[in-house]
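A short write-up of the structure that comes next.
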Amino acid sequence: MQEDAPQYLKGTTTIGIIFRDGVVLATEKRATMGNLVASRKAKKVYQISTRIGMTTAGGVGDAQQMARLMSVECSLYEIRRGKPISVGAASTLLSNYLNQNRYYPYFVQLLVGGVDENGPWLYSVDAMGGATREEEIVATGSGSPIAYGVLEDQYRPDMSEEEAVDLAKRALKAAMRRDIASGEDIATVVITKEKYEESSEKMPEKTAAI
């Protein structure tokens, strides 16, 4: 089963960027089943805490279950401790849960990003529970090699919010032009100490020539 896992983790593009004041998470909205475009409005970024978001790649059912689980666990943490969960703690919690289920894995690859009292943080978490702290940029999914070409060429640590959002969108659009599993509209989330703000950009319709 583990040899087949990468087959389930490819059909999307998600991006995370740390900028001067926070984190940008961005995804496109195409969901595929083999060669079929199953949905053009798939949700791939979820708010799991007041200032923490999570992007999803992989099986839709598994991703939605992880989003529900993390939202509940982060809320319980805040009730018990009297303060919001940190980004690192949320990533560790997610990592532990996935690792405990590695023999019956959730086919997901996730990005967890947000801002806590110690600043902006960004983590990549794989289906086996491996969590990696990303200090600048990260991309997942089948379009990630194309997105990385744009991100690595144009990223700067001191980017403003507007510059980071623009870079995330340009990287996504580059991936969407060349990766058939990535497409449709773009969803972006900006997280700072002051806000969790989600927005969407509608892409123009394209008709293929016959």
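The values are calculated or read from the model by the stated rules, or taken from the named source; none is laboratory data. Keep in mind that what you see is a predicted model, and the values were worked out from it rather than measured. Cβ: placed from backbone, ideal geometry, glycine included. Neighbour counts: every protein chain shown.
Checked across the range 123-138, the condition of being among the aliphatic types (A, V, I, L, M), outside any strand (DSSP E or B) and buried (at least 17 other Cβ atoms within 10 Å of the Cβ) holds for at least one residue. Which residue is nearest to Lys202 (Cα to Cα), if the candidates are limited to the range 29-39 and must be assigned to a strand (DSSP E or B) and in contact (Cβ under 8 Å) with a residue 60 or more places away in the chain? Only one residue tops the list, namely Val37. Of the residues screened, Glu162 is not one that is out of contact with any Cys (no Cβ under 9 Å at 6 or more places or on another chain), farther than 14 Å from Ala26 by Cβ and either surrounded by 21 or more Cβ atoms within 10 Å (Cβ to Cβ) or acidic (Asp, Glu) (or both). Residues of the range 171-203 that are surrounded by fewer than 17 Cβ atoms within 10 Å (Cβ to Cβ) and of a type in the set (Gly, Ala, Ser): Ser199, Ser200. If you check Tyr148 against the conditions, is it surrounded by fewer than 19 Cβ atoms within 10 Å (Cβ to Cβ), of a type in the set (Ser, Thr, Tyr) and closer than 23 Å to Glu73 by Cα? Against the criterion (surrounded by fewer than 19 Cβ atoms within 10 Å (Cβ to Cβ), of a type in the set (Ser, Thr, Tyr) and closer than 23 Å to Glu73 by Cα), Tyr148 does not qualify.
When Tyr103, Tyr77 are screened for being more than 14 Å from the chain's Cα centre (by Cα), more than 30 Å from Lys202 (Cα to Cα) and at pLDDT below 95, only Tyr103 passes. The single condition from (1) farther than 25 Å from Gly183 by Cα; (2) free of Cβ contacts under 8 Å to residues at least 24 places away in the same chain; (3) of a type outside the set (Val, Ile, Thr) that Leu94 fails is (2).
Checked against the criterion of being outside any loop (DSSP other than H, G, I, E, B) and in contact with a helix residue (DSSP H, G or I) (Cβ under 8 Å, 6 or more places away or on another chain), the candidates Ala63, Ala67, Ala26, Ala42 yield just one match: Ala26. Considered as a group, the residues in the range 45-60 that are in a strand (DSSP E or B) and of a type in the set (Gly, Ala, Ser) include one that is farthest from Gln154 (Cα to Cα), and that residue is Ser49.
Hey, among the residues in the range 145-176 that are assigned to a loop (DSSP other than H, G, I, E, B) and in contact (Cβ under 8 Å) with a residue 24 or more places away in the chain, which one's nearest to the chain's Cα centre (by Cα)? By that ranking, first place goes to Tyr155. Cβ-Cβ distances below 8 Å connect no pair with a first residue in the range 181-198 that is without any contact (Cβ under 8 Å) to a residue 60 or more places away in the chain and farther than 19 Å from Arg170 by Cβ, a second residue that is surrounded by 21 or more Cβ atoms within 10 Å (Cβ to Cβ) and of a type outside the set (A, V, I, L, M), and a separation of six or more residues or different chains. In the range 14-41, how many residues are closer than 18 Å to Ser144 by Cα and modelled with pLDDT under 95? So the count comes out to 4. Touching a helix residue (DSSP H, G or I) at 6+ places or on another chain (Cβ under 9 Å) and under 24 Å from Glu28 (Cβ atoms), is that true of Tyr148? So Tyr148 passes the test.
Would you point out which residue out of Val87, Val45, Val60 is at pLDDT below 95 and touching a strand residue (DSSP E or B) at 6+ places or on another chain (Cβ under 8 Å)? So the residue among Val87, Val45, Val60 that is at pLDDT below 95 and touching a strand residue (DSSP E or B) at 6+ places or on another chain (Cβ under 8 Å) is Val60.
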